[in-house]
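Scroll down for the structure; my scribbles are underneath it.
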Amino acid sequence: MEFQAVIMAGGRGSRMTDLTAKCPKAMLPVGNHPLIWYPVNMLERAGFEEVIVIALESSVTDIQKSLVCRGIKMKLDIVGIPDNEDWGTAESLRYIKDKIKTDILVVGCDLISDISLHQIANLHQAYDSSVTMLLSPLPDQYTDIPAPGVKSKKKTERDFIGFDEKGKRVLFLTSEVDLEETISFSKSTLKRHPYINIRSKLTDCHLYLLKKWVVDFLAENQRMYTIKGELIPHLVRRQFCRPKAQESEIPGNTPASLASQQDTKASIHDFTVNNDSYSSQIIDLSTWIDHDGDMADCFHGESIRCYAHIQEEGFCIRANTLSSYCEANRQVPRLLSTLSPHKEFKLIHPTAVVKEKSQIGQDCLVGEDVTVGEKVSIKRSVIGRNCIIGDKVKITGSVIMDNIHIAESCNIQGSIICSQAQLSEKCELKDCIVGHRQQIIAMGKFTNEAIIDVEKMMEI
């Protein structure tokens, strides 16, 4: 591959703190794999042989062990960042700038997709794009899924993305939060593209192919904290802005003053110069790229180009909220055989013990060393490792993490039970979150509650 792969795994899971208070986001289990396994697996399927993983220092060892024991053969360069500092994705990328030698593929640790990365790479290379992003239609059912825990009226965050006539080049990008009553476009943009199609039901998958010069530009702009929120919108806005001619370039003028040099030092177009000379060499050698027809605008007079690939088919979800995390666990069991085609895959692990008259649906996963009692019903759920489930227990649409003991006659619906929790007999939970090592008393009944270690909650 002609790209270096970078996985962003240093996030704290701010939208799902009930789960990440005791477990790093990258290590949250989805389908009995840690969340970070999915982007690593995607890269390995595409042919990558090594990857840089940016993770919190406290989770480096756990990530390394977890991926190695699952048979990942890629070379893992796991870089730790400070736990006590809240770094953005742009800051994390600046931290490893000396490791970046080529164009890069940046992907978040919470992306689960069966896409072939070659589709995005082909688009990126065909248009010699500065940035190529992956987008996916946001199914209506994902926004309507009730999240377990305390009910809230959080508004779904949407992006408004404007495309050209072909639906490939990104001309406009803003979040709903930043959107004003009116939308303004520059004259230079409308002159080139008088027809702009704006879509609001696409999710940014946090997967980007970036030119090497974009990383160099980011390294010099210390005020940018995030890739998605600041860097990508800046690139989109600057596409049709012509760089101002330097005084020194005008015949008869004296060299530009030191002040003028300082003013233009941070211009994004200064970083594209070397890239343009490289691109021109490729264009001269290329026989298949149409330099004069459809591709003329891509290679003549524009040094910044932003494109997007929309994954219309297959599976794609970002497990970055409680709702999407639950949905990912419900959907993943039917995908694992596709994501691991060369490995024998069974929904119920061979070491699991399931007693008589128990029913486990075909849309469930049961991990290793699990004991399931008699007359147990499990539907649309994932059961982690080393769990003990008593007789006559009913589990529906739930995530049961590792090392959990559920006593007899419990009824669990639409809930998340975190590792090492214990549920006494005849508990009833509906749309709840039970935190790490929490204990539920016998015959306890809870609905839409987060039963967690309140003393360890984040202070705002």
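Only the coordinates and a few stated rules stand behind these numbers; no lab work does. Fair warning: this is a prediction, and the values are worked out from it, not measured in the lab. Here the Cβ is made from the backbone with ideal geometry for all residues, glycine too, and neighbour counts use every protein chain on show.
Ranked by the mean number of other Cβ atoms within 10 Å of their residues, highest first, the peptides 36-43, 12-19, 392-399, 176-183 come out as 36-43, 392-399, 12-19, 176-183. Measuring r between the beta carbons of Thr226 and Gln331 and using R0 = 25 Å, the FRET efficiency lands at 0.35. The packing ranking, built from the mean of other Cβ atoms within 10 Å per residue, places the peptides 436-442, 59-65 in the order 59-65, 436-442, highest first.
Panel values: the range 342-410, Kirkwood radius from alpha carbon pairs, Stokes-Einstein at 10 °C and 1.306 mPa s, translational diffusion coefficient 136 µm²/s.
How far is it, in nm, from the label point at Met443 to the one at His269 when both lie 7 Å from their Cα along the line to the Cβ? Result for the modelled spin labels: 7.7 nm. Short to long, the 10 Å bins of the Cα pair-distance histogram for the range 1-143 hold 10, 41, 36, 12, 0 percent of all pairs.
Amide H contacts of Gly149: Cys432, Ile433, Asn448, Glu449, each under 5 Å away and 5 or more positions distant or on a separate chain (H built 1.01 Å from N in the peptide plane; Pro and chain starts excluded).
Above 17 Å, the calculated P(r) of the range 1-60 contains 43 percent of its Cα-Cα pairs. Taken one residue at a time, the phi angles of the range 184-194 give Karplus couplings (6.51, -1.76, 1.60, θ = phi - 60°) of 10, 10, 6, 4, 5, 5, 5, 5, 7, 9, x Hz. Gly and Pro are set to x.
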